[in-house]
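Just so it is clear, none of the values below were taken in a lab; they were calculated from the coordinates. Please read these numbers as outputs of a predicted model, since none were measured by experiment. Virtual Cβ from ideal backbone geometry, glycine too; neighbours counted across all protein chains shown.
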Ligand SMILES: [Zn+2]
Ligand SMILES: [Zn+2]
């Protein structure tokens with residue numbers, strides 16, 4: 001089969017590889033669309049240490065069932081499906097608690113951090129355990145379905161954060177990249193009637209407004225946290241969700257919430273940050289980390305199928321897998337206005 005292989009750092013090549021074998025509990029998926037994730041782009045140069053070549057990357061995919069393992073029930077040839085990017089064991093302490101994103105034996109598709117190598121979906125076929133597979137409704141295209149993983153990340157962050165009944169109707173989203181823009185929509189769908197988006201890029205803020213943000217602030221050219229407090233009787237919002245993962249945006253999130261408010265941390269860029277500790281303690285804020293998703297796939301699919309979350313404006317390009325290397329290169333060089341790029345084997 002055709003596969004886009006990370007042969008060595010900074011070198012992606014189309015190669016021929018054997019079709020993956022499937023075990024009795026696996027299915028073989030014929031990949032129809034696979035999104036390039038920011039983590040794949042970072043994986044290109046080896047800086048994260050989580051993608052050791054040779055490796056086929058890709059974990060945001062959708063396709064159709066091409067073969068079914070002997071013990072798999074409920075899925076048949078030709079079914080249109082997507083799958084979780086996290087492969088959890090289903091047996092450990094955390095899996096038993098339903099916290100599958102925290103699984104002790106967690107593996108991620110298209111990642112090889114050293115202890116394991118899991119080839120991903122930038123290929124004609126990929127093998128996945130049936131327990132992480134979800135059927136797609138007819139009204140979602142494969143390209144749209146490639147964004148379900150990202151939607152589930154946003155839905156998980158909102159679920160962990162709590163509802164407007166706790167926090168009031170105003171929520172702040174810091175960062176208007178892919179996950180931030182989906183989080184704006186997920187908050188709206190969860191009943192937050194006034195969502196405020198903050199970013200350093202006006203083009204992204206314009207998209208945030210289209211995605212339902214009531215107010216947008218550029219934190220490079222204004223004091224965004226002060227603007228949020230002004231909108232909320234001087235107090236601040238009940239909830240902020242941070243989708244960048246660096247000192248400045250996290251400080252903005254902390255400065256945007258009222259006393260007793262909550263800050264959910266989704267952004268995962270800097271390994272450590274400078275935290276305004278006294279502001280957190282004396283204002284009794286709740287900081288909550290949020291990682292991937294656990295059980296939000298069906299909800300994410302439903303939100304998209306009924307149009308409560310729109311992903312089309314976030315898809316910048318759809319291209320054949322054979323052009324993958326050049327799209328990776330454009331993303332790596334931070335070409336402006338590129339959001340999600342989807343490759344089709
Ligand atoms: Zn991803
Ligand atoms: Zn587990």
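Go ahead and set up a Gaussian network model of the chain, Cα springs under 10 Å, then flag whichever of 150, 299, 165 fluctuates most.
Largest GNM mean-square fluctuation: 165.
May I ask you to derive the FRET efficiency for residue 259 and residue 210 from their Cβ-Cβ distance with R0 = 22 Å, giving the value to the nearest 0.05? The partial results should precede the final answer.
Values: r = 33 Å, r/R0 = 1.48.
Step by step, r from the Cβ atoms, then E = 0.10.
Could you work out how far the C-alpha centroid of the range 162-191 sits from that of the range 193-214, in angstrom?
What the calculation gives is 11 Å, centre to centre.
How much length is gained if the chain between residue 10 and residue 139 is pulled fully straight, taking 0.36 nm per residue apart and subtracting their Cα-Cα distance, in nm to one decimal? Spell out each step's value before the answer.
Details: separation 129, 0.36 × 129 = 46.44 nm, distance 3.71 nm.
My answer for the length gained is 42.7 nm.
With a ≥ b ≥ c the root eigenvalues of the C-alpha gyration tensor of the range 1-144, is it rounded (a/c under 1.5), prolate (a/b larger than b/c) or oblate? Walk me through the numbers before you get to the answer.
Values: a/c = 1.66, a/b = 1.19, b/c = 1.40.
In terms of gyration-tensor shape, oblate.
Evaluate E = 1/(1 + (r/R0)^6) for residue 25 and residue 45, where r is the Cβ-Cβ distance and R0 equals 56 Å; express this FRET efficiency to the nearest 0.05.
After rounding, the FRET efficiency stands at 0.95.
Based on the alpha-carbon gyration tensor of the range 90-156 and its eigenvalue square roots a ≥ b ≥ c, which shape applies: rounded if a/c is under 1.5, prolate if not and a/b is larger than b/c, or oblate?
Since a/c reaches 1.5 but b/c is at least a/b, the shape of the range 90-156 is classed as oblate.
If you wrap a convex hull around the alpha carbons of the chain, what volume per residue comes out, as a whole number of Å³? Intermediate values should be presented prior to the final figure.
Working: hull volume 45.4 nm³, N = 345.
That works out to 132 Å³ per residue.
Consider a paramagnetic label point 7 Å from the Cα of residue 235 along Cα→Cβ; state which residues of the range 147-185 have an amide N under 16 Å from it.
Under 16 Å, as judged by backbone N against the label point of residue 235, lie 163-172 of the range 147-185.
Which value at 222 nm does the chain reach when only helices count, each DSSP H run of 4 or more adding -39,500 (n - 2.57), with the total divided by all residues and rounded to the nearest 500 deg cm²/dmol? Write out the running numbers ahead of the final one.
Values: 12 runs with 95 residues, N = 345.
Here the helix-only value at 222 nm equals -7500 deg cm²/dmol.
Roughly how many nanometres apart are two label points built 7 Å out from the Cα toward the Cβ at residue 193 and residue 166?
Using points 7 Å along Cα→Cβ, the separation is 2.1 nm.
What FRET efficiency, computed as 1/(1 + (r/R0)^6) with R0 = 41 Å and r the Cβ-Cβ distance, is obtained for residue 96 and residue 269, rounded to the nearest 0.05? Before the final figure, lay out the partial values.
On the way: r = 32 Å, r/R0 = 0.77.
Here the calculated transfer efficiency is 0.80.
With the convex hull built on the Cα atoms of the range 125-264, state its orientation-averaged projected area in nm².
Details: hull surface 39.8 nm².
Its Cα hull, projected and averaged over all orientations, spans 9.9 nm².
Using a Gaussian network model of the chain whose springs link C-alpha atoms within less than 10 Å, name the residue from 334, 59, 119 with the highest mean-square fluctuation.
Highest fluctuation of the listed residues: 334.
Obtain the nm distance between the two label points defined at residue 277 and residue 222 by a simple spin-label model: each point lies 7 Å from its Cα along the Cα-to-C-beta direction.
Roughly 3.4 nm, to one decimal.
Note the angle between two axes, namely the Cα long axis of helix 178-189 and the longest principal axis of the Cα atoms of the chain, as a number of degrees from 0 to 90, rounded to the nearest 10.
Between the helix axis and the principal axis of the chain, the angle is about 70 degrees.
Fewest first, what order do 273, 22 take by the number of other Cβ atoms within 10 Å? Write out the running numbers ahead of the final one.
Numbers: 273 16, 22 22.
The fewest-first ordering by Cβ neighbours comes to 273, 22.
Which residue fluctuates most in the GNM of the chain (Cα springs below 10 Å): 75, 182, 265?
75
Treating the angle as unsigned and between 0 and 90°, give the value, to the nearest 10°, between the Cα long axis of helix 247-256 and the longest Cα principal axis of the chain.
50
Please state the shape class of the range 259-345: rounded when a/c is under 1.5, otherwise prolate if a/b exceeds b/c and oblate if not, all from the C-alpha gyration tensor. Display every interim value, and only then the final one.
Values: a/c = 3.05, a/b = 1.66, b/c = 1.84.
In terms of gyration-tensor shape, oblate.
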